[in-house]
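Structure record follows, encoded as structure tokens.
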Amino acid sequence: MAFEAIKKVLAEAGDIARFTARFFSEAFRPRFEFTEFLRQCFFIGYKSLPLVAITAFIMGLVITIQSRPTLVEFGAESWLPKMVSVSLVREIAPVITALICAGKIGSGIGAELGSMKVTEQIDSMEVSGTNPFKYLIATRVLASTFMIPILAVIADAVSLYGGFLGANIHGAVSWTLFWNQVFETLQYGDIVPSILKTYFFGFAIGIIGCYKGYNSNKGTEGVGRSANSAVVISSLLVFVIDLLAVQISDLLNLT
Amino acid sequence: MNNMANETFRNIRLGVFVVVGTLLLVTAFYLVGNKQNLFGSSFRISARFYNVNGLTQGNNVRFAGIDVGTVETVNIENDSTVIVVMLLEKDVQKFIKGNAIASVGTDGLMGNKLVNINSVKDLGLSIKEGDELRTLRPLEMDEMVRTLNETNINIKVITDNLRSITEKISSKNSLWNVLLDTIVADNVKSAVVNLKLMSNDGIAITGNLKELARQMRYGKGTIAALITDTVLSGRINQTIVKLEKFSDTAAVISGDISYLVQQLKHGKGSMGVLLTDTMLVHDLNKSILRIDTAAGSFNENMEALQYSWPFKKYYKKKGKK
């Protein structure tokens with residue numbers, strides 16, 4: 001039984017790898033579905049912005065409020081902006097953005113493609129001469145790969161603004177001083193790895209959502225299941241990739 | 001057509017979204033770089049330290065307490081020298097003089113290491129690209145602790161001594177007991193009484209002295225005579241006046257003499273001729289030689305005389321003496 005389960009997981013991992021390989025072989029060959037790519041960018045990027053911004057703002061505010069007591073204990077209250085900026089930019093904002101997008105975009109893509117699959121729209125698309133892989137999957141994966149980093153950058157900015165407000169609840173940190181301290185603390189080694197890893201987050205979210213939707217079966221029930229598993233697997237992958245990214249940037253001394 | 005307009009509007013919003021995100025990232029990169037002096041004009045200076053206490057690349061450099069740059073590299077030059085290259089803002093170049101002193105410090109008590117550049121009072125030229133600053137040896141925690149340890153040992157010795165002193169004070173044969181002893185107190189009392197008597201005698205003596213002085217003032221006794229005699233002082237005055245006169249005449253005489261010498265030099269008068277005539281000197285030499293020989297023969301004569309009978313007796317007597 002356990003063997004069966006392991007076999008199933010491994011088979012799925014292999015399947016996902018083959019799906020990814022197919023993406024790379026098809027996505028970078030003409031002809032490109034540029035209009036569809038922009039449309040997906042709009043839905044994945046722009047439409048996720050309010051959700052990501054609100055989450056990031058609250059995270060910034062909350063992290064600042066929660067960090068204060070410990071810093072006060074050390075008498076290092078003035079270090080609040082520095083500490084908060086590092087934790088937000090390096091870890092919290094990118095990961096929160098990726099998780100929110102995994103929930104919103106992963107489930108969206110999984111459900112959309114799944115319903116197209118079970119209603120045999122994808123098959124009919126193939127018949128009509130459109131490459132469904134290029135049109136549906138390549139555009140969505142590329143869109144999420146390029147939009148999530150931008151969302152993460154905006155999330156960084158918004159969460160730092162939340163941090164500024166949080167720092168001013170009990171203390172008094174001027175606008176200029178706050179940003180001065182933030183950029184005094186931040187190094188390229190903080191920003192560049194954290195932005196680079198969001199490309200991988202975006203790619204993982206897109207590819208898992210598409211894989212789950214594209215391989216959906218068992219009718220309407222299967223659509224729900226593929227949406228669900230897309231969210232679960234992509235959220236898990238976000239953390240795995242985060243772990244790898246942090247290890248690599250630590251090994252490369254990008255601190 | 002409506003669909004197309006809708007599509008364009010979407011694309012515009014997407015464009016704004018992407019541009020805003022990219023701008024934020026670029027701004028962040030610029031601000032971070034700005035803090036590290038990667039942009040804008042800068043210049044490099046170096047300093048050689050014996051010990052940098054954990055200073056690393058990217059640490060701040062402060063001039064007069066203001067962040068003006070960062071540490072670019074920290075390299076070991078040899079077994080006792082670490083060379084630190086610093087990248088500073090161009091704006092502060094004119095304020096940093098060549099004789100400024102660099103030292104490694106700490107931001108706060110436990111903060112990051114940094115390089116402090118402090119100017120000295122003396123005048124100096126502004127620093128140039130690539131110049132090297134003088135350095136101070138940083139304060140090492142270990143060294144401080146070592147010094148503290150020595151201090152502690154000293155304090156221990158001192159407190160030990162203090163303890164033994166206080167023990168001695170509180171023990172039986174102590175100074176304190178001596179102070180408490182009644183016999184000693186009596187002795188001290190009698191000593192004080194004696195002192196009092198002595199001072200009474202002293203008063204009597206001073207009274208006598210006073211009397212003596214009074215008598216002297218009124219011209220009684222020989223010393224008093226000497227001190228109070230007005231006639232004598234008058235005489236002394238006269239003597240001084242005479243001496244003065246004498247010295248005046250002496251001055252006149254010496255003036256005459258100098259005139260005389262002047263005339264002698266210029267060969268005026270018989271004396272002048274005598275002194276300045278070289279022929280005469282020659283003759284005189286000759287005469288002196290003759291006198292010499294004459295004196296020699298005179299001596300011989302005298303010796304002969306010693307042995308002649310009328311004088312023999314006299315010389316014998318002299319020899320005995």
Starting with the highest mean, order A:102-115, B:116-129, A:165-178, A:198-211 by the number of other Cβ atoms within 10 Å, averaged over the residues of each peptide. A:198-211, A:102-115, A:165-178, B:116-129
Under the Kirkwood approximation applied to all pairs of distinct alpha-carbon atoms, what is the hydrodynamic radius of segment B:36-139 in Å? 13.5 Å
Of A:Arg39, A:Arg140, A:Arg90, the most mobile residue in a GNM of chain A (C-alpha springs, cutoff 10 Å) is A:Arg39
Order A:123-130, B:49-56 from most to least packed using the mean count of other Cβ atoms within 10 Å. B:49-56, A:123-130
Whole-Hz couplings from phi, Karplus 6.51/-1.76/1.60, listed for segment B:42-54; x for Gly and Pro: 9, 9, 10, 9, 10, 8, 9, 10, 7, 8, 9, 6, x
Amide proton proximity set for B:Ser42, modelled H, under 5 Å, gap of 5+: B:Lys90
For B:Gln93, net neighbour charge (Lys/Arg +1, Asp/Glu -1) across residues whose Cβ lies under 9 Å away: 0
Can you tell me how segment B:91-163 classifies by the Cα gyration tensor, rounded, prolate or oblate, using a/c under 1.5 as the rounded cut? prolate
Among the lysines, which fall within straight-line cross-link reach of B:Lys97, defined as a Cα-Cα distance under 26 Å, with same-chain neighbours fewer than 8 residues apart omitted? B:Lys35, B:Lys113, B:Lys121, B:Lys128
So what J values fall out for segment A:101-106 if you push phi through Karplus, 6.51 cos²θ - 1.76 cosθ + 1.60 with θ = phi - 60°, rounded to Hz, Gly and Pro as x? 5, 4, x, 7, 7, x
What list of ³J(HN,Hα) values in whole Hz, one per residue of segment B:77-86 in order, does the Karplus curve 6.51 cos²θ - 1.76 cosθ + 1.60 (θ = phi - 60°) give from phi, with Gly and Pro shown as x? 9, 8, 4, 10, 9, 10, 9, 10, 9, 10
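Sort B:194-207, A:11-24, B:66-79 for me by packing, meaning the mean count of neighbouring Cβ atoms within 10 Å per residue, highest on top. Don't skip to the answer; put the middle values down first.
On the way: B:194-207: 9.6, A:11-24: 13.4, B:66-79: 15.0.
Order by mean packing, descending: B:66-79, A:11-24, B:194-207.
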Would you mind checking which residues have amide H under 5 Å from B:Thr106's amide H? H placed 1.01 Å from N; only 5 or more apart, or other chain. B:Leu114
Counting pairs on different chains as well as pairs 8 or more places apart, how many Lys pairs in chain A have Cα atoms under 28 Å apart? 26
How far is helix A:139-170 tilted, in degrees, relative to the longest principal axis of the Cα atoms in chain A, given as a value from 0 to 90 rounded to the nearest 10? 20 degrees
Once amide H atoms are placed 1.01 Å from N in the peptide plane, what residues at a sequence separation of 5 or more from B:Thr73, or on another chain, have their amide H within under 5 Å of its amide H? B:Val85
Sorted largest first, the Cα spans of the protein assembly as shown on the principal axes come out in Å as 184, 98, 54
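Coordinate-derived values only; no laboratory data. The model shown is predicted, which means the values in this text are computed figures rather than measured ones. Quick reminder, even Gly has a Cβ in these numbers, built from the backbone with ideal geometry, and neighbours come from all protein chains shown.
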